[in-house]
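To start, the structure itself, in structure tokens.
Nothing in this text is a laboratory measurement; each read-out follows from the coordinates by a stated rule. Bear in mind the structure is a predicted one, so any value in this text is a computation, not a measurement. Quick reminder, even Gly has a Cβ in these numbers, built from the backbone with ideal geometry, and neighbours come from all protein chains shown.
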Amino acid sequence: MLEAKGLMVFYENMLALNNVDIACADGQIVGVFGANSAGKSTLMYTMSGIMKDIQKKEAMAGGERITIVGEVRFEGEEISRLKPNQRAKRGIVLCPERRRIFNESTVLENLRIGGYLATSAQAKRTLEYVFSVFPALERLQKRIGGFLSGGEQQMLAIGRALMAQPKVLLLDEPLMGLSPLMQATLVRATREIRDEKKISIIVTEQYARPVMPIVDYAFILENGSAVLEGTREHLMDNPDIRSAYFGVEES
Amino acid sequence: MDILIYGTINSVALALYALGFAMVYGVSRLPNFAHGALYVLSGFITWSLLNSLGLPYAVAIVLTLLLTGIIGALIYQLILIRIRGMEISEIMASYAIGLAILEGLRWGGFKGMTYTLPSFIEGSTTIAGIVVDYQRLLVVVIGAAVVGLLWLFTHYTRTGLALRGMAQDERAALMLGIDSDLMAVVAMGFGSMLAALAAVVLLPLGNIVVEAGYNVLILAIAVCIIGGLGSWMGSVIAAFLIGFAQILTVVYLGAHYQMVVALLAIIMTLILKPSGLFGRQKELEERV
């Protein structure tokens, strides 16, 4: 459904992504794991097209020269040339790192801004769905976004992304800085969204462990390269990988 | 009592000057220094439509609003979009455009005290012993209507909500499929229309002179800085603060200090509370 082939991204001469091939099939949840600065967010930005916006702004302000090489395909079509808002319209919606919710708007307004691409019938239906997946948001409707806790903000960010009617949802470090309880809630919700809405999901995390149970296929990024990939079973069966990436000690 | 009435009228006038500027800045972070020029330009457009083409007043006004909106959008699409995000360049370029428009008008012969627009309704009434003409009352009514409609627009329409999303986090808006370039053009179009609206409502109160362009720009900037750049409701409240301060100055000090009030207010705000009275979010950011 969504795939990247031979993706390379340079910041000036620094290689941020090195020849990365990654794919997410219809209805799959794909994990992308790696340490800080392994290239996870760069990958998400490049696939959603936001990198093109960053590139443009940097070029205009005389900042870093960013080079993007390789192809991104969506439903079989090459989309590297599309701007981020055009990609969102096709159905690739990014729920970014650090959430970036609209701090001055209420929860409900955040969701309604998210529904920019939806028809009013879709928006209504999706709003109800978001409230059913995250009942907490329904209670917080009138609250200003900036005053929510981290977990609430993350729920809102995912809900807002759903309002944009995604076919593929890109979740960039959705669990960062959250309590184990909130992490469990979000992981459960992620699976629910895939199962009920048939939305494919690519999720990045530093720690693979909390999301591993719901992932169908996973890639491991190291210094901008995809060093390992495989199905969940395949990766979990390898003792070296288990201890290195999933924090499971062999006894 | 006259302070209250004329203070309110003056405040609403200031709010009308400032709303367009606040909208453009709020959405696309563009300090539109051509704002005052667009104000004067739309005055002359109305005058020309009225006197050269002989159109009915109402038609001329509607046409002016549309034309100014289109001119603003074109200025953005053709020139300013290329320097998006570089604030100093944006100020220089938009100021240059403003200068070109204003001095171009002067060069084209639009100078002197001969250009006036008729009032919408002639006559006056007395409120609590003070004589107020209908045009000034209309200023207050239209000002209140504009603020109300703007609020409804930004809270209940798809485009309005998108504009607010973009005002808060452009990149997050992009991720949700909102075309930020298009929205910036739309905002500039609306902002220019608001400048034109202020012009057609306020200019019948006096002559259309090129110099007004500079004053309107300074007043709009003063209101926006004091209200907190990007905060629309803050601008409205700041308009009332400056509006009343100006009238009090006129009453107790003399009319020629009026402009000083606005400039002093800018300086005071920048020293004491740089984010403006209501720039809440920006203030938070400054603290972090």
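For the reader, a short list of remarks on this structure follows.
- In Hz, Karplus ³J(HN,Hα) per residue of region B:228-245 (6.51, -1.76, 1.60; θ = phi - 60°; x = Gly, Pro): x, 4, x, 9, 6, 5, x, 5, 4, 5, 4, 4, 5, 4, 5, x, 6, 4
- Dipole orientation for chain A: of the candidates A:Leu175, A:Ala208, A:Pro135, A:Pro135 has the Cα lying most toward the positive pole (charges on Cβ; Lys, Arg +1; Asp, Glu -1).
- Principal axis extents of the Cα atoms in the protein assembly as shown, from largest to smallest and rounded to whole angstrom, are 92, 45, 45.
- In sequence order, region B:13-26 has phi-based couplings of 4, 4, 4, 5, 4, 7, 4, x, 4, 4, 5, 4, 5, x Hz under the Karplus curve 6.51 cos²θ - 1.76 cosθ + 1.60, θ = phi - 60°, and Gly or Pro positions carry x.
- Prolate/oblate/rounded label for region B:2-212 (Cα gyration tensor, a/c 1.5): oblate
- Sum of -39500 (n - 2.57) over DSSP H runs of 4+, divided by residues of chain B (222 nm, nearest 500): -24500 deg cm²/dmol
- Size of electric dipole in the protein assembly as shown: Cβ of Lys, Arg +1 and of Asp, Glu -1, about Cα centre, debye, nearest 20: 940
- From the alpha carbon centroid of region B:73-109 to that of region B:1-52 is 17 Å.
- For chain A, size of Cβ-based charge dipole, Lys and Arg +1, Asp and Glu -1, in debye: 1200
- The amide H of B:Tyr115, built 1.01 Å from its N in the peptide plane, has B:Ile208 as neighbours under 5 Å, considering only residues 5 or more places off or on other chains.
- Each 5 Å bin from zero up to the one holding the largest Cα-Cα distance in region A:61-167 carries the following percent of pairs: 2, 12, 20, 20, 16, 12, 9, 6, 3, 0.
- Debye, to nearest 20: dipole size of region B:2-212, +1 on Lys, Arg Cβ, -1 on Asp, Glu Cβ: 220
- Farthest positive-ward along region B:179-288 dipole, Cα basis, beta-carbon charges - from B:Ser275, B:Val209, B:Val186: B:Ser275
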